[in-house]
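Throughout, read-outs are computed from the coordinates displayed, never taken from laboratory work. The structure presented is a predicted model; accordingly, all values stated were derived computationally and were not measured. All Cβ positions, even for glycine, are placed from backbone atoms using ideal geometry, and neighbour counts span all protein chains on display.
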Amino acid sequence: MELNMNREAKVISKNVDVFYGNKQALFDINLEIFKNEVTALIGPSGCGKSTFLRCINRMNDVIDICKISGEIEIDGFNIYKQGVDVVRLREKVGMVFQKPNPFPKSIYDNIAYGPNIHGIAQNKQELDEIVENSLKKAALWNEVKDRLNEPGTGLSGGQQQRLCIARAISINPEIILMDEPCSALDPIATAKIEELIDSLKSSYTIVIVTHSMAQAARVSQRTGFFHLGKLIEMDETDKIFKNPNNKMTQDYITGRFG
Amino acid sequence: MSDDHIVKSYDEELHIINDAIVQMGSLTESLLEDSMNAITKMDKDSVSKIVESDKKINKFRASIDEQIMTLLVKRSPVAIDLRLAISTLKISQDLERIGDLAKGNAKKILPLPEDDLPPEMLNSMRRLGEAVQKQIKLSLDSYLERSTEKAIQVVKDDEQVNDLTKISIKEVLDFLAKDKKNLEFATNLLFVSKNLERAGDHITRIAENVYYLISGDYPKKNK
């Protein structure tokens, strides 16, 4: 397997604890996510993998009872430091969800919305270019270029998900978080998203939460296994799926858990 | 934490494959023993039985191949299960080859005279055969017991098999040197010695794959 030997940590999690009210959801999470790689987070439902993902762009801030301690550094900067502009952070860290959630707007406006509100495009021509480039990067351009004014919600599930990825890309993020992006898609649409993830990693750092072991094995370079709020093991994906160090990881990925 | 899969039929499939390897290994071990007995006792009558046993071994190989393919398709095994699938596939291939070599050896005695072969030569061949039989037993034990120690011992023992092969070949060449009319017999007996050495190599590979199955790595040659 090809491995980038000059790895650079894009995201570093240091002693992260997360509480929902009195219930602790994450325990002392320490890990590194490398630049221009795909990192997969796996584990049973409720293990904290999505909670951790949402820490990376402070999506948990919108939950009142959620309290976070520890640090998450992006490019060496602690995003939980006081005074951090969360809107700017989310510009840098885009997110794609389990269920495709296009805006009830045209395909064009779905992409143009972000660059507009973030003031990325100076004029209509620039905006057109962003829309075209984003749709091309998301491998959707050829399928929608003749119907940009039609509603995004009219696309197939797989196309909608790629539209959401194009929307995330449109504001030039550095990191893309994906929370089970293929769980609502058929195998062909899934294959297209996986192909897309592979091509996007040269420009972005990608973190994907998935319930599919095979998907984690296919798309990621590193895999982290979470269980009951703890990071049990994180290693090269190849190592995790051929010879994990931890018995709990092995029991989970081989279907012996329980 | 349980060692069983949540899906019980997955466990059953793995057990069936495991049992098939154990049975195939046991048949191959017996075949090797029968083949050595046939050679050292010049028991030509047993050759047809040995040929039949080899056919059974070949059937096991085909069946194990089929089962592993089904397992890969149905279960997409990972980690220990993946290593079991891959190493089992290789082990069954090596067992089949050992069966072929043992059968080939038994057939080599058919043209030989029954009673005027030099006892020293047959003795050195017997010692070589015993070393290979000991090696296959230890190799199959390492699989059954999932023992890396035994697997490493098999790899180490291969050197002794190689040394005994050299001695056995020298005895055959001495036999040939005594009288040129021994040429045909000696050629057959050279093949027997060489085939036993090759069987030892396959047994060593089995042990290496058992080591891989257990540890996820291959044994270092200098261990």
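For A:C55, A:C47, the sequence from fewest to most other C-beta atoms within 10 Å is A:C47, A:C55. Computed from Cα atoms, the angle from the helix A:157-169 axis to the main principal axis of chain A rounds to 90 degrees.
Near B:I203, within a Cβ-to-Cβ distance under 11 Å, what is the net charge of the other residues, with Lys and Arg +1 and Asp and Glu -1? The partial results should precede the final answer.
Values: positive: B:R97, B:K134, B:K137, B:R198, B:R205; negative: B:E29, B:D94, B:D157, B:D158, B:E197, B:D201, B:E208.
That sum, taken over residues with Cβ under 11 Å, equals -2.
In terms of surrounding Cβ atoms within a 10 Å radius of their Cβ, B:D174, B:D116, A:D251, A:D109 rank from fewest to most as B:D116, B:D174, A:D109, A:D251. For the stretch B:66-92 and the stretch A:197-258, what is the separation of their Cα centres, given in Å? So the separation of the two Cα centres works out to 20 Å.
Shielding of B:70-82 by partners, i.e. mean partner chain Cβ atoms within 10 Å per residue?
Values: counts 0, 0, 0, 0, 0, 2, 5, 4, 13, 14, 9, 5, 5.
Going residue by residue through B:70-82 and averaging, the value is 4.
Structure note, pairs B:K41/B:K103; A:K49/A:K247; A:K242/B:K137: Cα-Cα distances above 26 angstrom occur for A:K242/B:K137.
Would you mind giving the mean number of other chain beta-carbons within 10 Å of the Cβ of each residue in A:242-252, as a whole number? Don't skip to the end; give the middle numbers.
Values: counts 8, 9, 4, 1, 0, 3, 1, 1, 5, 8, 2.
Across the residues of A:242-252, the mean count of other-chain Cβ atoms within 10 Å is 4.
Can you tell me what share of the DSSP beta bridges in the protein assembly as shown is antiparallel? A percent to the nearest 5 is fine. If I count the DSSP bridges inside the protein assembly as shown, around 60 percent turn out antiparallel.
Relative contact order (percent) for chain A, with alpha-carbon contacts under 8 angstrom and 6 or more residues of separation?
Numbers: 474 pairs, mean separation 69.6, N = 258.
Rounded, it is 27 percent for chain A.
State the number of lysine pairs found in the stretch A:104-220 whose Cα atoms come within less than 22 Å, restricting to pairs 8 or more positions apart or on distinct chains. Summing the qualifying lysine pairs gives 15. Between the Cα long axis of helix A:124-137 and the first principal axis of chain A there is an angle of about 50°, rounded to the nearest 10.
So what is the relative contact order of chain B, in percent, for Cα pairs below 8 Å that sit 6 or more residues apart?
Values: 255 pairs, mean separation 55.8, N = 223.
Relative CO of chain B lands at 25 percent.
Separation of the stretch B:154-223 and the stretch B:13-58, taken as the distance between their Cα centroids, equals 19 angstrom.
Entry note, the stretch A:159-214: relative contact order of 48 percent, from Cα contacts under 8 Å with a spacing of 6+ residues. Seen against the Cα atoms of chain A and their longest principal axis, helix A:107-117 is set at about 80 degrees. About its Cα centre, chain A has a charge dipole of approximately 400 debye under the convention of +1 per Lys or Arg Cβ and -1 per Asp or Glu Cβ, with nothing else charged.
If you run the Gaussian network model on chain A, springs between alpha carbon atoms under 10 Å, then out of A:K136, A:K81, A:K201 the most flexible one is A:K81.
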